[in-house]
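A.B. asks: Quick one: the structure is below, questions incoming.
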Amino acid sequence: MQLVLILLVIAGGMGLSVEAGLLGPLGGKVGDLWATFSIFGVGAALTFLLMLFFSPRNSPSFFAQPGWQLLGGVLGPVYVVILTVATPTIGIGMTMIGILAGQVFKSLIIDHYGLLGSPHRKINAKRIIALGFIIAALVLVAQG
C-alpha cells in the first residue's frame, strides 16, 4: 500500500508541474489573480461534485473544526499565485525545484517537532543530506 501511495504522490507532483506550465501562459493572458481564481474555481466545482457523490453524509461539521486547520485555504492561493508569477520568468524546472526545496525544508521542521497534529519524526543525517541534494539541484538548475 505504501508503494501505491508513493506512486500517487509522484503523479501528483507531476500534475503540479503541468499546472505550473498552464498557469504561466494563462496568467500572461488574463492576469495572475484571474488565472489563480480560475484554477480554484474549477477545482472547487470538481471537489463539490466529488463530495456530492462520494463523501459520507454523516461526517462532522466543517464549521466545528479548529480555525487554524483552514489555513490551507489561505496558503493554496498564495502558492498558485507564486507559480503563476515565477514560472514564466524562471521556468517550470526551477520553480518546481524551488517549491520542492521549500516543502522539504518546512516538512522536516514540522515532522521534527510534530507540528500541526503530525506524528513526531526526528530530523536525522539522512534527511539533512536529502535536503542538501535538493538544494544542490536548485543551484545546478539555476546555473544551467
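Rule-based calculations on the coordinates, nothing more; no lab input. Nothing here was measured: the structure is a model prediction, and the numbers come from that model. So basically every Cβ, Gly included, is an ideal-geometry build from the backbone, and we count neighbours across all protein chains shown.
A.B. asks: Only Lys, Arg, Asp and Glu count, each charged at its Cβ (+1, +1, -1, -1), so figure out the dipole size of region 1-141 about its Cα centre, rounded to 20 debye. Could you put the intermediate results ahead of the total?
C.D. replies: Details: 7 positive and 3 negative charges, 74 e Å.
For this selection, approximately 360 debye.
A.B. asks: So what is the 222 nm mean residue ellipticity for the chain from helices alone, if each DSSP H run of at least 4 adds -39500 (n - 2.57) and you divide by all residues, rounding to the nearest 500 deg cm²/dmol? Each step should come with its number before you reach the end.
C.D. replies: Numbers: 5 runs with 112 residues, N = 144.
Dividing the helical sum by the residues of the chain leaves -27000 deg cm²/dmol.
A.B. asks: So between Ile129 and Ala142, what do we pick up on full extension, going 0.36 nm a residue minus the alpha carbon distance?
C.D. replies: Working: separation 13, 0.36 × 13 = 4.68 nm, distance 1.97 nm.
That pair, Ile129 and Ala142, stretches by 2.7 nm at full extension.
A.B. asks: If you don't mind, there's one more thing I want to ask. For the chain, rounded, prolate or oblate, judged on the Cα gyration tensor with a ≥ b ≥ c (square roots of eigenvalues), a/c < 1.5 rounded, else prolate if a/b > b/c?
C.D. replies: It is oblate, given that a/c is not under 1.5 and a/b is not larger than b/c.
A.B. asks: Answer with one residue from Leu100, Gly21, Gly43: the one whose Cα lies farthest towards the positive end of the charge dipole of the chain, charges on Cβ with Lys, Arg +1 and Asp, Glu -1.
C.D. replies: The residue sitting farthest along the positive end of the dipole is Leu100.
A.B. asks: On a full-extension model of 0.36 nm per residue, what is the gain between Leu52 and Gln103, subtracting their alpha-carbon distance, rounded to one decimal in nm? Mind showing how you got there, number by number?
C.D. replies: Details: separation 51, 0.36 × 51 = 18.36 nm, distance 3.14 nm.
Gain on stretching Leu52 to Gln103: 15.2 nm.
A.B. asks: When ranked by the protection proxy of mean other Cβ atoms within 10 Å per residue, highest first, what sequence do the peptides 17-28, 130-141 form?
C.D. replies: Those peptides, ordered most packed to least, come out 17-28, 130-141.
A.B. asks: In addition: For an R0 of 22 angstrom, estimate the FRET efficiency from the Cβ-Cβ distance between Leu22 and Val74 and round to the nearest 0.05. Show your work: numbers first, answer last.
C.D. replies: On the way: r = 22 Å, r/R0 = 1.01.
Working from the Cβ atoms, E equals 0.50.
A.B. asks: Right, something else. Once you order the gyration tensor axes a ≥ b ≥ c over the Cα atoms, which shape class does region 1-77 get: rounded for a/c under 1.5, otherwise prolate or oblate by comparing a/b with b/c? Mind showing how you got there, number by number?
C.D. replies: Numbers: a/c = 1.95, a/b = 1.29, b/c = 1.50.
Here region 1-77 falls in the oblate category.
A.B. asks: Taking the simple approach of a point 7 Å from Cα along Cα-to-Cβ for both Phe62 and Arg121, what is their distance in nm?
C.D. replies: Result: 2.9 nm between the two label points.
A.B. asks: Using a 10 Å cut-off on Cβ atoms, rank the peptides 56-64, 41-49 from the highest mean neighbour count down.
C.D. replies: Working: 56-64: 6.3, 41-49: 10.8.
Top to bottom by mean Cβ count within 10 Å: 41-49, 56-64.
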